[in-house]
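All remarks here apply to the structure that follows.
Just so you know, all these numbers are worked out from the coordinates, no wet-lab data involved. Note that the structure is a prediction, hence the values are computed from the model and not measured. Cβ placement follows ideal geometry from the backbone for every residue including glycine, while neighbour counts extend to all protein chains displayed.
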Amino acid sequence: MRLTQWTDYALRILMYCAACQNRDQPVTITEIADIHGISRSHLTKIVQNLGAHGLLQTSRGRGGGLRLLKPAKDILLGEVVRLTETDFTMVECFNIQTNQCNLSPHCRLKAVLHRATHSYLDILDEVTLADLVPSSELRIAMPVAHGFAT
């Protein structure tokens, strides 16, 4: 299974916010865009989506930015993937309305792929955002003025 770029960027945003959660000023979209070399307008759409799903607090204006709405230890990787991925249809027969496979009535592949997808998501549900940003790496990820802390 391959994650979409949307999910990849959503995870980067959340991980960066988790790494910066103890600093005084909130994270900005521009900051994340610059660090990762990603379009600011694309990140804005993803941030709005994460805010709508209750993962990020967003505020505009001077001193505004992004903060996690709940502790990183309470955000499951599987939850984020389910919110950001739009399609878990691995093969045609997963969609009853568009399935044209003649093997479907006798095929066992569909059941195996369903189990694999559930196992994949079950493993992601065992990992929290806090697990992805160990405290020993926080100093490296935290931006300082015009660069990174070392």
Backbone N within the stretch 77-96 under 16 Å of label point (7 Å from HIS114 Cα along the Cβ vector): 88-96
Over the stretch 1-106, relative contact order from alpha-carbon pairs under 8 Å, at least 6 apart, %: 28 percent
Electrostatic dipole magnitude of the chain [Cβ: Lys, Arg +1; Asp, Glu -1; Cα centre; debye, to 20]: 280 debye
Among CYS93, GLN5, SER41 - extreme Cα towards positive end, dipole of the chain, charges at beta-carbon: SER41
Which labelled figure in (i) -0.37, -0.73, -0.97, -1.05; (ii) -0.50, -1.06, -1.19, -1.21; (iii) -0.25, -0.62, -0.94, -1.06 is log10 I(q)/I(0) by the Debye sum over Cα atoms at q = 0.09, 0.14, 0.17, 0.18 Å⁻¹, once derived from the coordinates: (i)
Lys/Arg +1, Asp/Glu -1 at C-beta; the chain dipole; positive extreme among VAL127, ALA18, LEU77: ALA18
GNM flexibility winner over the chain from ALA18, ALA111, ALA52 (Cα, springs under 10 Å): ALA111
Ordering of 72-82, 116-126, 21-31 by packing [mean C-beta count within 10 Å, highest first]: 72-82, 21-31, 116-126
Amide H contacts under 5 Å for GLN57, placed H, 5+ residues apart: ARG67, LEU68, LEU69
Listed residues CYS101, CYS20, CYS93, most fluctuating in the chain (Gaussian network, C-alpha, under 10 Å): CYS101
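Assuming 0.36 nm per residue, please report the length gained on full extension of the stretch LYS73 to TRP6 beyond their Cα-Cα distance.
Here the answer is 21.9 nm.
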